[in-house]
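None of the figures in this text is laboratory data; all of them are computed from the coordinates on show. Since the model is a prediction, treat every value here as computed from it, not as a measurement. Cβ: placed from backbone, ideal geometry, glycine included. Neighbour counts: every protein chain shown.
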Amino acid sequence: MTGISFEQVAKSFGTTRALVDFDLDVEAGEFISLLGPSGCGKTTALRVAAGFESLDRGRVIVGGSDISPIPAHRRNMGMVFQSYSLFPNLDVRANIEFGLRTRRQSTTERRARVDEMLELVQLTDQAGRFAHQLSGGQQQRVALARALAIRPDVLLLDEPLSALDAQVRSSLRDEIRRIQAELGITTIFVTHDQEEALSISDRVGVMSNGRLEQIDTPESVYRRPATPFVARFVGRINEFPSLRLDARTVECAGRRLPVASSEGSGSRDVLILIRPEDLRIDDHGFDGSIVRSTFMGPVRTVEIRLDRLDRIVEVVEPCSADVRHPGERVRVSWPSSELLVEDV
Ligand code: ATP
């Protein structure tokens with residue numbers, strides 16, 4: 001087992017800077033997701049690791065050596081793409097065997113390895129089928145088996161679930177995690193779906209403009225975002241324009257309220273960022289009117305226009321709470337600690 005490290009990697013396409021001083025250490029056996037908006041450089045990071053893109057600067061270290069000068073076909077990487085990239089003229093068994101053929105293994109060894117992979121992805125009974133005879137989820141399981149058959153150092157997954165419908169997507173997501181844990185293979189998973197990243201990963205790396213903004217456990221990225229960008233990108237957020245009065249107090253819509261983060265001094269304009277599930281509808285706090293209440297299954301999302309702030313905030317309540325009707329007058333109370341205070 002080995003990890004993979006990107007050290008100060010830079011990659012541009014013309015004037016577009018896809019990766020800028022990109023640093024990432026993935027430990028052996030770790031499952032990392034790269035999450036970020038479209039165009040932030042996630043796929044480029046994977047392609048650099050796979051050797052499909054050369055880098056302008058920096059190093060990619062696997063097993064203690066810099067692999068950046070090594071061509072893609074001589075790197076030991078397993079990659080699964082968003083599109084089902086199976087060879088249409090080969091059946092499932094031959095697709096999985098494909099990477100092994102170039103590795104000078106005996107027929108018996110290859111056959112045993114393919115059988116093992118078919119069992120791992122639970123497709124033994126589909127071995128003779130062709131891509132057009134398989135569902136999208138099955139095709140991606142074959143692609144996964146093909147990538148794993150060569151015993152890669154690192155598994156690189158580029159949005160492998162995004163073409164699948166919701167149910168298949170979530171079951172294949174669990175399947176990928178099970179297989180990854182069983183094999184203990186170092187994995188980088190690229191996605192722009194935050195729920196996917198949060199639910200599947202040991203750590204989540206949030207990217208913006210070719211850089212890592214934060215890399216941490218899913219809980220920390222969500223509950224302790226390092227930057228306002230991370231706070232806004234991962235999960236929902238409410239923003240309260242306020243005036244910082246001193247280290248521990250802000251004024252918002254005429255009310256003096258405590259804040260937990262005590263950085264800086266002097267009075268200045270700030271935004272207080274608060275998650276919807278941290279706000280409460282109760283008897284004190286800001287006055288407002290219900291705009292809309294949306295049933296989401298286990299929870300209800302309630303939008304409230306606050307009188308003195310002239311903005312709508314979102315509160316998440318358990319669906320066992322009373323149903324709220326548009327126009328109903330309520331009060332929204334501030335939690336004991338905000339998510340983040342941003343200077344503006
Ligand atoms: P998405 O979620 O949309 O797939 P991404 O985060 O994976 O986005 P990349 O595909 O890595 O982003 O692209 C990063 C930037 O580099 C984008 O601005 C993209 O347009 C640009 N880019 C990527 N590949 C090329 C290329 N071959 N030629 C020119 N520009 C490219």
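Brief remarks follow.
- Qualifying trypsin sites (Lys or Arg not before Pro) for segment 127-222 [loop in DSSP, other Cβ within 10 Å: at most 11]: none
- Computed extension length for residue 151-residue 74: 26.4 nm, one decimal, from 0.36 nm per residue of separation with the Cα-Cα distance subtracted.
- Prolate/oblate/rounded label for segment 203-344 (Cα gyration tensor, a/c 1.5): oblate
- Amide N proximity, segment 77-94 versus residue 133 label position 7 Å along Cα-to-Cβ, cut-off under 19 Å: 85-94
- Among 153, 66, 282, residue whose mean-square fluctuation peaks in a GNM of the chain (springs only between Cα atoms under 10 Å): 282
- Taking other Cβ atoms within 10 Å as a rough exposure proxy, 296, 207, 77 sort from fewest to most as 296, 77, 207.
- Neighbour counting of Cβ atoms within 10 Å sorts the residues 40, 319, fewest neighbours leading, into 319, 40.
- Global geometry of the chain, whether rounded, prolate or oblate, following the gyration tensor of its Cα atoms and the 1.5 cut on a/c: prolate
- Of all the options 24, 161, 183, the one that moves most in a Gaussian network model of the chain with Cα springs shorter than 10 angstrom is 183.
- Relative contact order computed over the chain (Cα-Cα under 8 Å; 6+ residues apart), in percent: 16
- Label-point separation in nm, residue 61 to residue 122, each point 7 Å along Cα→Cβ: 3.9
- Top positive-direction residue, dipole computed over the chain with Cβ charges, set 10, 249, 73: 73
- Taking the chain as a Gaussian network of alpha-carbon nodes connected by springs under 10 Å, the highest mean-square fluctuation of the residues 193, 283, 216 belongs to 283.
- Counting every pair of alpha carbons in segment 13-55, the share spaced more than 15 Å apart comes to 47 percent.
- Put in order of Cβ neighbour count within 10 Å, fewest first, the listed residues 338, 219 become 219, 338.
- Segment 141-185 shape via C-alpha gyration tensor axes, a/c threshold 1.5: prolate
- Among beta bridges identified by DSSP and lying wholly in the chain, the antiparallel ones come to about 75 percent.
- DSSP-loop GluC sites (Glu not before Pro) across segment 1-77, with at most 16 other Cβ within 10 angstrom: 27
- Positive-end extreme of charge dipole, segment 4-232 - chosen from 144, 26, 206 (charges on Cβ): 144
- Restricting the trypsin sites (Lys or Arg not before Pro) of segment 300-344 to loop positions (DSSP other than H, G, I, E, B) with no more than 12 neighbouring Cβ atoms within 10 Å leaves 308.
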